[in-house]
Amino acid sequence: MSQSLRIALIDWNTSVRSARRAILDATENITVVFESDGSKDQLTQLPDLLVDVIVIDQQLDSKTGVDAFLTLRQSYEELSEIPKAVLTTVFDITSLRVQALGAGMHDVVSIDSGPDGLINAIRSAASAEPVIDLAELAKLLTETPPIFKSSFELSQAVITLPVRKKGLIEKLAEEWPKIKAGSKPKLSLEQYQPLALSLGFLSASEFVIKLMQNGVLDAK
Amino acid sequence: MIRWILDTKWIPEIALSLILLAVFGGINAATSGISYFLLSIPFALASLFVRKYSYLTGAMLFVGAALHIGFSAVPSFGNLVLAVVAFVAGVFTSNPWRVINILAVSGTSFVIIASASNNPNLSLPNLGVIEFTDTGRLVFFIVGSILAGSLIGLAAVGGRLVREQYLQRQFQGNRKYSNSQQDEISLELAEQAKRFEMAGDMNESAVQHISSVITNAEAGLYTAKLDPDAGLRALDKVLLSAKAAHSELRRLYETINRGTVISTAPPTLESLSALELTMREAGYNMSITYSGSRVELDSSMEVAIYRIVFEAIKNVRQHNPKGTMVTVEITWFETSLQVIIRDNGVEVVRKSDVGINGLPAPYDATDDIDNLLEKVIGPGITAMRERVESFGGSLEAQRVVGVGFTVSALFPIIRPKQD
């Protein structure tokens, strides 16, 4: 018997939260170990609960789900301890998806995905397999270009990379315009997962979005 | 001629000219004889053209000056009419003709004085001067010119002053009106912004409730497989959330429609009688007539008809004076329903605007052609037309020359087959 996934459920809407809890409780190998409306006091307990996946709604009482996750991720001491996060939302909006992936969240599930969509997203988050491929990510970023935020630390980290790993980024930078133009990518996001984690990112998606934000991918 | 005067609204100028002729010509006739009365005619006529055809004012002054030289006339009290012409030109004439005419008045007065100073018969018996020497004539010319120039200058400046005061008062009035309009618009905008903000909040709340409905319904379906009671509990929550969403949507509806009449039931053809009453209370006459064999209409068509009549009579109130008659004719034909809304606003205005002959203001063939060629456009008409066209019908809106405005809407109808 496989180990049960420990879930933290964060939603400001009590009724929706309890309904989601009922769904998750009725699902095999999933246990809701933490429930909150998103208030700061409650969220501070989270790092001690060894949660596998956080299901967090975009609408919380005082801030957005993405912002709450960014705050939450700082409260973990080790990158490996940070649980994967699934953002739940009413409408699936491209800009929100980019924002969530850029914040290191694993996936975004809108209300019309139904219980199966939510459960699949949780399972996929727990296995850490990317839910989006490079072509889809490029398409998302073309539709909603992220705001450019230059990070000196990222630039330094890229410069000091060993030649082999740096070559992987150069390859991506070379391929990126073609992928954005609609060509089938010769690369996959999985290839970048170890590199992303080694550079302090939660996912390959977050890493690629950060590279894009720093102009690495669009540099001529 | 009368038509020309009526069209160009010459009455004030004609009255002014006649008054000037009567006063100054009369003074001339009384003090210097009938020939001097005739000499004042061109100057009186000069005031006739100060507003329109201003160049004729200068021409009349030239004629007057020429007659003075021709008849070797001496300055008379009646020549004071020139100061009045300068005043009137200052008030009513626009540049450059104002400057030209004031200079023409000044020039005329100098010519009259020069002509008088060269007149061999020049004498001022009241001042004891029987005969003028050359120096005396020069002094007479200089003093006379200075006096005349000063008087005319004063009159022209006075005229400008009166004009400026009038414009200033008008400007102040316009500014007050504009300020009050701006205040009203700002207030309305603020209300709308607030309403929009509230609507946004309510919409957000409604979305949350709908999310709750969906999630609970899904949870009910999902969990009912394991525990049927859980399905029932979820159903309770669905009902609660649905009711909350409904009440939120109701509030949203009321907020968005605030300022318009919200009725529990949509308006029908019977509701038109309420409009009749409202119009009468507002001082307008309204009558509704029905003819033909009536059939039951779709409620949305009845709403559309009500809205069209409502919009048309709203226009009547906006553009026509009280006392205007509005007739609404609803006629059922075999395959169509016609709604005609007519008003006689133009006729009411025309009858109240009586000309000097005591008859209503006339109109001619040009007005007819203009009305026939004019395409009536506007957001209200477009909205009405769109309403009718959504039922496959058509709408015509037309001015009726000398009478008012007519809106005619034709809706297709289907009569039930009779066995």
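Results, tabulated for the structure shown:
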read-out	value
Shape call, the stretch B:8-132: gyration tensor on alpha carbons, a/c limit 1.5	prolate
log10 of Debye I(q)/I(0), alpha-carbon scatterers only, for the stretch A:5-127 at 0.21 Å⁻¹	-1.27
Formal net charge of residues neighbouring B:Thr215 (Cβ-Cβ distance under 12 Å; K, R +1; D, E -1)	0
Length-normalised contact order of chain A in % [C-alpha pairs under 8 Å, at least 6 apart]	17
5 angstrom amide H check on B:Gly323, placed H, neighbours 5+ away	B:Tyr284, B:Asn285
Kyte-Doolittle mean at least 0.5 and Cα axial length at least 20 Å: DSSP H helices in chain B	B:55-70, B:97-117
More than 17 angstrom apart: percent of Cα pairs within the stretch A:103-220	57
Calculated P(r) tail over 27 Å for chain A, as whole % of Cα pairs	33
Cross-link pairs beyond the 24 Å C-alpha cut-off, checked among A:Lys84/A:Lys210; A:Lys84/A:Lys178; A:Lys40/A:Lys84; A:Lys165/A:Lys210	A:Lys84/A:Lys178
Those aspartates and glutamates that a straight Cα-Cα span of less than 19 Å connects to B:Lys351, excepting residues fewer than 8 apart in one chain	B:Asp7, B:Asp343, B:Asp364, B:Asp367, B:Asp368
Hull-based mean projected area of the stretch B:17-88, where the convex hull spans the alpha carbons, in square nanometres	4.1
Rounded if a/c under 1.5, otherwise prolate or oblate - the stretch A:118-179, Cα gyration tensor axes	prolate
Between helix A:163-180 and chain A: long-axis angle, C-alpha atoms, 0 to 90°, nearest 10	80
Amide H partners (placed H, <5 Å) of A:Glu35, local residues excluded	A:Leu9
Pair B:Val23, B:Thr331: separation of 7 Å Cα→Cβ label points (nm)	6.1
Over chain B, relative contact order from alpha-carbon pairs under 8 Å, at least 6 apart, %	9
Set of lysines near A:Lys184 by C-alpha distance (under 20 Å), chain-local residues within fewer than 8 positions excluded	A:Lys139, A:Lys171
Cα-based Rg and Dmax for chain B, where Dmax is the largest Cα-Cα distance (Å)	38.2, 137
Summed residue charge, Cβ within 10 Å of A:Val216's Cβ, Lys/Arg positive, Asp/Glu negative	-1
The stretch A:126-133 - phi-based ³J(HN,Hα) in whole Hz, Karplus 6.51/-1.76/1.60, Gly and Pro as x	5, 7, 6, 7, x, 8, 10, 9
Local electrostatic count, A:Leu96, Cβ distance below 13 Å [Lys/Arg +1, Asp/Glu -1]	-4
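FYI, it's all coordinate maths here, none of it is from the lab. Remember, predicted model here, so these are calculated numbers, not experimental data. Using ideal geometry, Cβ is built from the backbone for each residue, glycine included, and neighbour counts are taken over all protein chains shown.
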